[in-house]
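The values are calculated or read from the model by the stated rules, or taken from the named source; none is laboratory data. These numbers were taken from a predicted model, which means no experiment stands behind them. Note: ideal-geometry Cβ built from the backbone for every residue, glycine included; neighbour counts use all protein chains shown. Note: accessible area is taken over every heavy atom of the protein model, side chains too, but ligands, DNA and RNA are not part of it. Shrake-Rupley method; radii C 1.70, N 1.55, O 1.52, S 1.80 Å.
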Amino acid sequence: QVQLVEFGGGSVQAGDSLRLSCTASGRTFAGYAMAWFRQAPGKEQEFVSSITRSGASTYYGESVEGRFTISRDNAKNTAYLEMNSLKPEDTAIYYCAAGSVPTSRPVYPYWGQGTQVTVSS
C-alpha cells in the first residue's frame, strides 16, 4: 500500500498562489497515478487534477483549468499542485490520492489526510 501526506496548505488572499505537496511512502511512488481532490464544508468532493505515473499526461477539473498545475517528481516520491490566481471558492480541504489510473472520479484506493486551503477576498 501507499501512505500519503499532504502539506503546504494555509491561508492566503484572493489572487495569491500556493504550492501543495504530497509525499508518498510504503511502495514505489512511480507505480501509481496521482490526483488531487478537494472538499468544501457541506459540498461533495471535487476533482481538481490528476497525473499519470510517468507524468506524461495531466488532467484538470473545469474550475481550476488554466490556474492550477499538477506535477510529480518520482525521485522525491512527491506530487505537487501549484495553485495560482486563487479564489475564495477554492477554499477547501485538499486531498491527494494514488491509484492505478488518473481518473477524475474519487475511486482511488489510497488517500492522504488532507491539508486546508483558505482563500479570503
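Projecting the Cα atoms of THR78, GLY26, ILE51 onto the dipole axis of region 1-79, where Lys and Arg carry +1 and Asp and Glu carry -1 at the beta carbon, places GLY26 farthest toward the positive end.
Quantify, in whole percent, the carbon and sulfur part of the accessible surface of the chain (1.4 Å probe; protein heavy atoms only). So the carbon and sulfur contribution to the accessible surface is 47 percent.
Whole-Hz Karplus values for region 36-43 come out as 10, 10, 9, 9, 9, x, x, 10 Hz, taken residue by residue from phi with 6.51 cos²θ - 1.76 cosθ + 1.60 and θ = phi - 60°; glycine and proline positions read x.
Keeping every protein chain present and rolling a 1.4 Å probe, give me the accessible area per residue for the chain in Å².
Here the residues of the chain average 50 Å² of exposed surface.
In this view, the solvent-accessible surface of THR118, computed with a 1.4 Å probe and all protein chains in place, comes to about 50 Å². Within the shell of other residues whose beta carbon sits under 12 angstrom from the beta carbon of SER50, the net charge comes to +3, with Lys and Arg scored +1 and Asp and Glu -1. Seen from all directions on average, region 4-121 presents a Cα convex hull projection of 6.5 nm².
Report note on the peptides 71-82, 27-38, 10-21: ranked by the mean count of other C-beta atoms within 10 Å, highest first, their order is 27-38, 71-82, 10-21. For region 1-67, report the % of Cα-Cα distances exceeding 20 Å. Everything past 20 Å amounts to 38 percent. Pairs of Cα atoms nearer than 8 Å and 6+ residues apart set the relative contact order; for the chain it is 37 percent. Neighbours of VAL64 by Cβ distance under 12 Å: Lys/Arg scored +1, Asp/Glu scored -1, total -3.
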